[in-house]
DNA sequence: TTGAAAGCGCTACCAG
DNA sequence: CTGGTAGCGCTTTCAA
């Protein structure tokens, strides 16, 4: 260490929250008796360095435990080789699977991944997005919580690549990867109708959520297409809690002409409903309500009966989004794209229970 | 990839893969007719700027869509306000829950989170860790895959805070947060023994994995403590695949004196085993094997019978690790700590099936 | 209260 | 082949 006669504050006191500061290329250069630039060449594997010199530099690097500071590199080069991912909740299996699919693509492209959970809070989404932008991520993948993404316009104008997944952006144009929400919901409900059901309930997430709205629409369309009336009491949309689902379910089943089948708009609602149906069955209620849920979940096949679902292709959703993003980063300047990923009805038993 | 190092990168032409380059503080200063430093003061809310001047600067910021480049700030300040998290697979519910708990603590401390999946590959873990270090994360939280963490010593010496979760570090000292693996497994197996079981099988992950080894030990200890012999054919440890679990299970059940109960060492093994048990039952096999699994999972209560588990407190695991990390970042220089988080036996039915 | 200048650690661009 | 020098965009120090 060269003795800097700066007002070098106390050494053993509380230096930042770190230990000693890290060696720089300059330190390595001094140690090896070469110029800074030569070290840079060795570190980056650039040609034009004699093996002997390279060896000397490498020895100094090892001795000092030098590791290039990518922050400085990034500042110079402008590209951070990192992308940001904003979702509702990384703890939710759906998003964590999505996250993994995205990470795998990012890895292939040598990019690191920032992740953040918005908890469906627009302010939090914005905060995260801007924090990532301040870190100058090359791209952003967003599962939107906000209904106004204009705050991203300056970033996008400045070169930020942005892809929206699961739900479209609001008030701006951008690449988007979605599941076939309407078609999927329609297929699920149509399946119940084919099974002979006429009174089918729908429980979904809050209507302000895009996917929730579309799946509800799919439900309505399937019913209409079959010429079936929908009683208002059959439909419930709210943030999924055991309480709200319980209420909705009891209401649907308490009618003189109760629903004989139930379609649920997402994962968490499905689980809450299944839990409640189980409780009702154990309480000696008639039961035998047919069930189809939107979105697959682990162990759906192990429940009894197996849970029939409209499965989303989460891996393809994530891959599609990430690939689109990296195409943009590679220079693609075409108009905003919109990819729709098909869903698939998986029959496991619960959706094949006959009415009555 | 775009032609990067080819032609001379013209400034106004096709700047990297971006749009126009972003405004800097200098640009804002010029636009507002003030000095760079004044802009800095406004952006950082430092005192000593007249309201009028601050307003002028703010207007310029808005007009130009300026956003501070944190990369430069970090380079100057030395702290990145980010931490790295390396786990086996962010797509696995256990790790994603852990991840979420950590993110929440990080958020409170104003830190961003890099996440990466090692896939249980030591080389990949190392690669991720060093990539994060090159980005100068302030701290690292690692669920180890490697059996040699000495590669982190230079980083730690240079001030990197490091906490290991779920498994301890190898060949270095560092803060660690673990579940009570031995105690938990012992409790689970003892529960089966109390239920009257004498022949109890164990299926776990590969023995090289720390948690797997300890839970296996807990199983052995519980058996020994009860004076029960363990037949070699009752124990199987391998990467959890449906095939390997199937084989192990059939072997245990095919004996003249088959096991009457099964203890599984983790989540994925449990699910594979339950799936296989279900298949056997449907094939008309005797069935009625009691079951206890290490680690809870969603819907365990909805299966029939409900699945008895030794639950880990994932949230506390994550919180503990993150809090420890931030205590280090706050300057705590005490010796490496080791926190053990208790597990809890949750009886749901499968573990209470009597033998025979 | 404001501003000029000196870096943070690295890469780009030219000299030797 | 090797080395100097000028920044990347910001904070820090110190002078006006």
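Among the residues of the stretch A:259-273, are any assigned by TED's automatic domain parsing to the domain that holds residue A:194, more than 24 Å from residue A:343 (Cβ to Cβ) and not in a helix (DSSP H, G or I)?
Within the stretch A:259-273, not a single residue is assigned by TED's automatic domain parsing to the domain that holds residue A:194, more than 24 Å from residue A:343 (Cβ to Cβ) and not in a helix (DSSP H, G or I).
Going by what's in this entry, would residue B:175 be described as away from DNA strand D (no atom under 16 Å from the Cβ) and either at pLDDT below 95 or at positive phi (or both)?
Values: away from DNA strand D (no atom under 16 Å from the Cβ): yes; either at pLDDT below 95 or at positive phi (or both): no.
Considered against the rule, which asks whether it is away from DNA strand D (no atom under 16 Å from the Cβ) and either at pLDDT below 95 or at positive phi (or both), residue B:175 comes out as no.
Check residue A:203 against each of (1) under 28 Å from residue A:323 (Cβ atoms); (2) part of a strand (DSSP E or B); (3) in contact with a helix residue (DSSP H, G or I) (Cβ under 7 Å, 6 or more places away or on another chain) and name the one condition it does not meet.
Condition not satisfied by residue A:203: (1).
Going through the stretch B:34-74 one residue at a time, which ones are surrounded by fewer than 17 Cβ atoms within 10 Å (Cβ to Cβ), within 23 Å of residue B:329 (Cα to Cα) and within 12 Å of DNA strand C (Cβ to nearest atom)?
B:72, the sole residue that qualifies.
Please go through (1) part of a helix (DSSP H, G or I); (2) within 14 Å of chain A (Cβ to nearest Cβ) for residue B:52 and return the number of the only condition it doesn't satisfy.
For residue B:52, the failing item is (2).
I'm trying to understand the selection: among the residues of the stretch B:68-119, which are part of a loop (DSSP other than H, G, I, E, B) and within 16 Å of DNA strand D (Cβ to nearest atom)? Before you say what the answer is, go through the steps one by one.
Residues of the stretch B:68-119 that are part of a loop (DSSP other than H, G, I, E, B), as a first pass: B:68-69, B:78-81, B:88-92, B:109-111, B:118-119.
B:68, B:69, B:78, B:79, B:80, B:81, B:110, listed by residue number.
Only one of B:185, B:145 is over 30 Å from residue B:350 (Cα atoms), away from every other protein chain (no Cβ under 14 Å) and modelled with pLDDT of 95 or more. Can you tell me which?
On the way: B:185 fails: over 30 Å from residue B:350 (Cα atoms).
The conditions single out B:145.
What residue, of B:167, B:186, B:229, B:215, is surrounded by 21 or more Cβ atoms within 10 Å (Cβ to Cβ) and part of a loop (DSSP other than H, G, I, E, B)?
Working: B:186 fails: part of a loop (DSSP other than H, G, I, E, B); B:229 fails: surrounded by 21 or more Cβ atoms within 10 Å (Cβ to Cβ); B:215 fails: part of a loop (DSSP other than H, G, I, E, B).
Only one candidate passes the filter, namely B:167.
Can you tell me which of B:303, B:280 is more than 12 Å from chain A (Cβ to nearest Cβ) and either modelled with pLDDT under 95 or buried (at least 17 other Cβ atoms within 10 Å of the Cβ) (or both)?
B:280
With respect to residue A:210, is the statement that it is in the same structural domain as residue A:290 (by TED's automatic domain parsing), within 20 Å of residue A:98 (Cβ to Cβ) and touching a residue at least 40 places away in the same chain (Cβ under 8 Å) true?
So residue A:210 fits the description; yes.
Exactly one condition in (1) part of a helix (DSSP H, G or I); (2) touching a strand residue (DSSP E or B) at 6+ places or on another chain (Cβ under 8 Å) is false for residue B:63; which is it?
All conditions pass for residue B:63, except number (2).
Restricting to the stretch A:305-334, count the residues that are outside any helix (DSSP H, G or I) and either touching a residue at least 12 places away in the same chain (Cβ under 8 Å) or in contact with a strand residue (DSSP E or B) (Cβ under 6 Å, 6 or more places away or on another chain) (or both). Show your work before the answer.
Going residue by residue through the stretch A:305-334, those that are outside any helix (DSSP H, G or I) are A:305-313, A:330-334.
With either touching a residue at least 12 places away in the same chain (Cβ under 8 Å) or in contact with a strand residue (DSSP E or B) (Cβ under 6 Å, 6 or more places away or on another chain) (or both) added as a condition, the list becomes A:305-313.
Residues meeting the conditions: 9.
Picking from A:199, A:124, A:135, which residue would you name as being within 14 Å of chain B (Cβ to nearest Cβ) and in contact (Cβ under 8 Å) with a residue 24 or more places away in the chain? Give the derivation first.
On the way: A:199 fails: within 14 Å of chain B (Cβ to nearest Cβ); A:124 fails: in contact (Cβ under 8 Å) with a residue 24 or more places away in the chain.
Exactly one residue qualifies, and that residue is A:135.
For residue B:103, indicate whether it is touching a strand residue (DSSP E or B) at 6+ places or on another chain (Cβ under 6 Å) and within 12 Å of chain A (Cβ to nearest Cβ).
Working: touching a strand residue (DSSP E or B) at 6+ places or on another chain (Cβ under 6 Å): yes; within 12 Å of chain A (Cβ to nearest Cβ): yes.
Considered against the rule, which asks whether it is touching a strand residue (DSSP E or B) at 6+ places or on another chain (Cβ under 6 Å) and within 12 Å of chain A (Cβ to nearest Cβ), residue B:103 comes out as yes.
Among (1) farther than 17 Å from residue B:338 by Cα; (2) in contact (Cβ under 8 Å) with a residue 24 or more places away in the chain; (3) away from chain A (no Cβ under 14 Å), there is one condition residue B:114 misses while meeting the rest; what is its number?
Unmet for residue B:114, out of (1) farther than 17 Å from residue B:338 by Cα; (2) in contact (Cβ under 8 Å) with a residue 24 or more places away in the chain; (3) away from chain A (no Cβ under 14 Å): (3).
Between A:136, A:100, which is within 16 Å of DNA strand C (Cβ to nearest atom), closer than 23 Å to residue B:131 by Cα and not assigned by TED's automatic domain parsing to the domain that holds residue A:271? Outline the logic, then answer.
Numbers: A:100 fails: within 16 Å of DNA strand C (Cβ to nearest atom).
After ruling out the rest, the residue left standing is A:136.
Could you tell me whether the stretch A:18-25 includes any residue that is modelled with pLDDT of 90 or more, in contact with a helix residue (DSSP H, G or I) (Cβ under 7 Å, 6 or more places away or on another chain) and within 14 Å of chain B (Cβ to nearest Cβ)? Explain how you work it out, then say what you get.
Pass one, the stretch A:18-25, residues modelled with pLDDT of 90 or more: A:23-25.
Among the residues that remain, those that are also in contact with a helix residue (DSSP H, G or I) (Cβ under 7 Å, 6 or more places away or on another chain) are: A:23, A:25.
Retained after the next criterion (residues that are within 14 Å of chain B (Cβ to nearest Cβ)): A:23, A:25.
Yes: the stretch A:18-25 contains one or more residues that are modelled with pLDDT of 90 or more, in contact with a helix residue (DSSP H, G or I) (Cβ under 7 Å, 6 or more places away or on another chain) and within 14 Å of chain B (Cβ to nearest Cβ).
What residue, among those in the stretch A:34-49 that are part of a loop (DSSP other than H, G, I, E, B) and more than 7 Å from DNA strand D (Cβ to nearest atom), is farthest from the chain's Cα centre (by Cα)? Can you show your working first?
Here is the first cut: in the stretch A:34-49, the residues part of a loop (DSSP other than H, G, I, E, B) are A:34-35, A:44-49.
Applying the additional criterion that residues be more than 7 Å from DNA strand D (Cβ to nearest atom) yields A:44-46.
Working: A:44: 34, A:45: 36, A:46: 38 Å.
Per the criteria, the residue is A:46.
Hey, can you tell me all the residues within the stretch A:131-162 that are farther than 19 Å from residue B:84 by Cα and part of a helix (DSSP H, G or I)?
Scanning the stretch A:131-162 gives A:150, A:151, A:152, A:153, A:154, A:155, A:156, A:157.
Looking at residue A:108 and the list (1) at pLDDT 95 or above; (2) within 11 Å of chain B (Cβ to nearest Cβ); (3) surrounded by fewer than 21 Cβ atoms within 10 Å (Cβ to Cβ), which single condition is not satisfied?
(2)
Exactly one condition in (1) within 18 Å of residue B:74 (Cα to Cα); (2) within 7 Å of another protein chain (Cβ to nearest Cβ) is not met by residue A:81; state its number.
Failed condition: (2).
The values are calculated or read from the model by the stated rules, or taken from the named source; none is laboratory data. Everything quoted here is computed from the prediction, not taken from an experiment. Ideal geometry is used to build each Cβ from the backbone, glycine not excepted, and the neighbour counts take in all protein chains shown.
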